[in-house]
1. Once you have all Cα-Cα distances for segment 39-147, histogram them in 10 Å bins from zero and send the whole-percent values.
2. Within a Cβ distance under 15 Å of Pro115, other residues only, what is the Lys/Arg minus Asp/Glu net charge?
3. Just to be sure I understand the model, the point goes 7 Å from the Cα along the line to the Cβ. What's the resulting Thr30 to His117 distance in nm?
4. Excluding His83 itself, what net charge comes from residues whose Cβ is under 10 Å from its Cβ, given Lys and Arg +1 and Asp and Glu -1?
5. How do 32-39, 136-143 rank on mean C-beta neighbours within 10 Å, highest first?
6. Go through segment 9-19 residue by residue and turn each phi into a ³J(HN,Hα) via Karplus (6.51, -1.76, 1.60, θ = phi - 60°); whole Hz please, and just put x for glycine and proline.
7. First select every other residue whose beta carbon is under 15 angstrom from the beta carbon of Met43; then total the charges, Lys and Arg +1, Asp and Glu -1.
8. In deg cm²/dmol and to the nearest 500, what is the mean residue ellipticity at 222 nm of the chain if only DSSP H runs of at least 4 residues count, each as -39500 (n - 2.57), divided by the residue total?
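Nothing in this text is a laboratory measurement; each read-out follows from the coordinates by a stated rule. Quick caveat, the model's predicted, so the values are computed rather than measured. Here the Cβ positions follow ideal geometry from the backbone for every residue, glycine too, while neighbour counts run over all protein chains shown.
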Amino acid sequence: MLTYGPVPRFDVATWDFRLFGEVEGARRLTYGETRALPQVMVMADFHCVTTWSRLENRWEGVSAAAILDLAQPTSEARHLLIHCDGGYTTNLSMTEFRSAGVLFAHRHDGSDLTPEHGWPLRLVVPHLYAWKSAKWVRAVEFLRQERRGFWEVRGYHNHGDPWLEERYSSQE
């Protein structure tokens with residue numbers, strides 16, 4: 001398991017999921033409200049920057065489209081920064097976020113995610129390297145201008161397409 005920092009503790013009474021920034025519908029959802037959102041199932045491969053892949057994963061959770069419906073991004077919102085427990089962040093363009101199969105997962109292959117793999121909420125961006133599929137998501141910040149995330153400011157490629165082998169920023 002590759003991860004930054006320790007596995008955070010989950011407390012259902014204090015956990016929340018925020019949508020903020022360039023949006024009409026800024027909100028803070030409780031764990032119960034997040035789980036009550038419409039659910040989807042996505043079958044997708046998962047690619048790690050260290051060159052391994054896991055094929056045909058079944059992810060269950062809330063689609064990025066449902067989050068966009070809730071947040072109602074303004075026309076100026078072009079990028080997102082995903083905020084996670086422990087200070088981890090990752091960035092995506094609005095175009096990437098709107099791609100088919102992107103979701104906030106709480107289940108994998110028929111079981112709840114384990115704490116080590118992102119419980120209670122993990123972003124899954126199947127068409128990009130796994131560092132974009134952030135664990136322990138707590139907020140989505142909608143931005144006018146791009147802001148690089150944790151690994152992107154440390155030399156990882158800003159986009160992260162596994163088919164183009166976009167691992168490190170020298171490839172940009």
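1. 15, 50, 30, 4
2. +1
3. The modelled label-to-label distance comes out at 2.9 nm.
4. It works out to a net charge of 0.
5. For the peptides 32-39, 136-143, the packing ranking is 136-143, 32-39.
6. Working through the residues one at a time gives 7, 9, 10, 4, 6, 10, 5, 9, 10, 9, 10 Hz.
7. Net charge in that neighbourhood comes out at -1.
8. Rounded to the nearest 500, it is -2000 deg cm²/dmol.
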